[in-house]
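Heads up, the thing below is written out as structure tokens.
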Amino acid sequence: MKGTVIVLGGRSEIGLAVATRLAEGGASTVVLAARRSHELDAEEAALKAAGASTVARVEFDADDTGSHERVLGGIFAEHGPVGVVVTAFGILGDQGLAERDAAHALAVVHTDFTAHVSVLTQLANLARAQGHGELVVFSSVAGVRVRRANYVYGSAKAGLDGFASGLADALSGSGVRLVLVRPGFVVGKMTEGMSPAPFSSTPGAVADATVKALRRGRDVVWVPPVLRPVFFLMRLLPRAIWRRLPR
């Protein structure tokens, strides 16, 4: 994989797994962008063990949309040309709290949707300017048909999925490609303590599918693949049944 790899959300299990596989495949420079970037020693060590010769750390706050243009522009200027950008930040939030506290609901939507709109718009402009690049966006099957059990998180992912799909079309012919990844339930730190849903996957499995899509030129990836036909049928369920599904 040619060019620098950037992970926005540098301590994300999935983002780090993708970067690790790209480093194993020949990516020599990786930029980890996250809050408290000075604490990313373990992540840097893992990437260097995978083959990255340079791992840079950049302070990045996804929620601070006013800083995105400066931070992302600085990364492209200092570490370009950029090959792949992985937007791996996000929060699950507390559905019960979000139903009672509008501020928490807004915080979930801000991180999982609004901040992504800002970041992806900036990234698309920067990648167009250099004439190439690949943007990896993690949506979720939670946004394909929003469920009562997690409708705040699901609605944010639905918005992100729609925005990313439209942006992918807008980028057609520009030399820049967007890869939209739709995982199901991922067993990891973000879902610790929760019972796995059917067709669950792991950060490693999501990373494997993502890297395969990058190498094969695919634009949309379902992880695992069986979720694509499953959710085609889920869309047909009557609403009275759908609202009773636990997750």
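In the stretch 227-247, which residues are over 15 Å from Val146 (Cβ atoms), open to solvent by 60 Å² or more (accessible area, probe 1.4 Å) and either assigned to a loop (DSSP other than H, G, I, E, B) or in contact with a helix residue (DSSP H, G or I) (Cβ under 8 Å, 6 or more places away or on another chain) (or both)?
Scanning the stretch 227-247 gives Leu236, Pro238.
Here is a check on your reading of the model: is Leu47 part of a helix (DSSP H, G or I), within 21 Å of Pro203 (Cβ to Cβ), open to solvent by less than 30 Å² (accessible area, probe 1.4 Å) and of a type outside the set (Phe, Trp, Tyr)?
Judged against the criteria, Leu47 is a match.
Report, ordered by the first and then the second residue, all pairs with beta carbons closer than 6 Å, sequence separation of six or more or different chains, a first member in the stretch 120-140 that is closer than 23 Å to Arg182 by Cα and free of Cβ contacts under 8 Å to residues at least 60 places away in the same chain, and a second member that is surrounded by fewer than 20 Cβ atoms within 10 Å (Cβ to Cβ) and of a type outside the set (A, V, I, L, M, F, W, C).
Note: pairs meeting the criteria are Gln122/Glu69.
What are the residues in the stretch 141-187 that are in contact with an Asp or Glu (Cβ under 8 Å, 6 or more places away or on another chain) and open to solvent by less than 20 Å² (accessible area, probe 1.4 Å), if any?
Gly143, Val152, Ala156, Lys157, Leu160, Val176, Leu178, Val179, Leu180
Looking only at the stretch 56-103, how many residues end up being part of a strand (DSSP E or B), touching an Asp or Glu at 6+ places or on another chain (Cβ under 8 Å) and within 24 Å of Val186 (Cβ to Cβ)?
Of the residues in that region, 2 qualify.
Looking for something surrounded by fewer than 20 Cβ atoms within 10 Å (Cβ to Cβ) and under 21 Å from Leu120 (Cα atoms) - is there at least one such residue anywhere in the stretch 132-140?
Scanning the stretch 132-140 turns up at least one residue that is surrounded by fewer than 20 Cβ atoms within 10 Å (Cβ to Cβ) and under 21 Å from Leu120 (Cα atoms).
Residue by residue through the stretch 24-36, note down the ones that are within 13 Å of Lys48 (Cα to Cα) and either modelled with pLDDT of 95 or more or surrounded by fewer than 23 Cβ atoms within 10 Å (Cβ to Cβ) (or both).
Glu24, Gly25, Gly26, Ser28, Thr29, Val30, Val31, Leu32
Could you look through the stretch 152-205, keep only residues that are touching a helix residue (DSSP H, G or I) at 6+ places or on another chain (Cβ under 7 Å), assigned to a loop (DSSP other than H, G, I, E, B) and modelled with pLDDT under 95, and pick out the one that is farthest from Leu135 (Cα to Cα)?
Of everything passing the filter in the stretch 152-205, Phe199 is farthest from Leu135 (Cα to Cα).
Out of the stretch 216-226, which residues are outside any loop (DSSP other than H, G, I, E, B) and surrounded by 12 or more Cβ atoms within 10 Å (Cβ to Cβ)?
The initial filter retains those residues of the stretch 216-226 that are outside any loop (DSSP other than H, G, I, E, B), namely 216, 220-223.
Within the stretch 216-226, Val220, Val221, Trp222, Val223 meet the criteria.
Return only the number of the condition from (1) under 20 Å from the mean Cα position of the chain (by Cα); (2) touching a residue at least 24 places away in the same chain (Cβ under 8 Å); (3) surrounded by fewer than 17 Cβ atoms within 10 Å (Cβ to Cβ) that Ala207 does not satisfy.
For Ala207, the exception is condition (3).
The values are calculated or read from the model by the stated rules, or taken from the named source; none is laboratory data. Small disclaimer: the values here were computed from a predicted structure and weren't measured. Counting neighbours? That spans all protein chains shown, and the Cβs are built from the backbone with ideal geometry, glycine included. Keep in mind that these areas ignore ligands, DNA and RNA; they rest on the heavy atoms of the full protein, side chains included. Shrake-Rupley method; radii C 1.70, N 1.55, O 1.52, S 1.80 Å.
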